[in-house]
1. Could you calculate the contour length gain from Asp45 to Ala137, that is, 0.36 nm times the residue separation minus the distance between their Cα atoms, to one decimal place in nm?
2. Give the peptides 36-45, 82-91 in descending order of average Cβ contacts within 10 Å, highest first.
3. If I model a spin label at Glu157 and His79 as a point 7 Å from the Cα along the Cα→Cβ vector, what separation in nanometres do I get?
4. Between the alpha-carbon centers of the stretch 18-49 and the stretch 119-139, tell me the distance in whole angstrom.
5. Fully extended, how many nm does the chain gain between Glu29 and Cys126 (0.36 nm per residue separation, minus their Cα-Cα distance)?
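All of the numbers you see were taken from the coordinates with simple rules; none came from a lab. The structure displayed is predicted, hence computed values, not measured ones. Here Cβ is always computed from backbone atoms with ideal geometry, including for glycine, and neighbour counts include all displayed protein chains.
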Amino acid sequence: MSLLVAVTGSSGSAGVSLPTDPRAKALVETGRELLGRGDVEAATDSFESALAVDPGNPATFLALGDAARASGMQGKAIHYYREALERDPNNLAALSGEGGAMAEKGAIEKAKGNLARLEGLCGRNCPEAQSLASVIAKGPVARVVSADAVKPDPVVEDN
């Protein structure tokens with residue numbers, strides 16, 4: 001029994017776990033490949049399918065967070081990373097991803113909180129902490145403004 005507790009307790013700090021259902025695992029792996037190739041929409045579809053097969057798996061929420069972040073939807077990414085963290089509170093990749101999305105959104109102090117937590121869990125030299133530190137150093141992502149967001153006020157002049 002104590003071995004089970006020890007193994008369960010240490011698995012949270014391991015970072016990323018794959019879904020237990022083989023179909024979901026295959027869908028997450030396929031989605032990761034698609035995301036690596038830049039096909040965010042197809043990757044998201046694959047991750048959502050994995051979630052339907054194996055609901056609640058932290059790795060699937062983490063993957064959805066990565067896809068949302070890649071498409072510039074930091075708020076949605078934060079939501080998915082928090083879902084992963086609810087299920088696996090010490091998931092290093094989810095902490096780093098959430099902190100990165102917060103930094104890109106402009107919440108630098110909150111991102112620094114995630115960095116401090118990461119450094120407490122794995123040290124300053126772990127890849128997740130280094131990745132988050134570099135995103136924080138870059139600062140917020142510049143937002144693209146659409147033409148619909150900027151509507152000029154019509155000015156009527158007499159000739």
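1. Details: separation 92, 0.36 × 92 = 33.12 nm, distance 3.18 nm.
Gain on stretching Asp45 to Ala137: 29.9 nm.
2. Result, highest mean Cβ count within 10 Å first: 82-91, 36-45.
3. The two pseudo-label positions are separated by 4.6 nm.
4. The distance from the Cα centre of the stretch 18-49 to that of the stretch 119-139 comes to 25 Å.
5. Gain on stretching Glu29 to Cys126: 32.6 nm.
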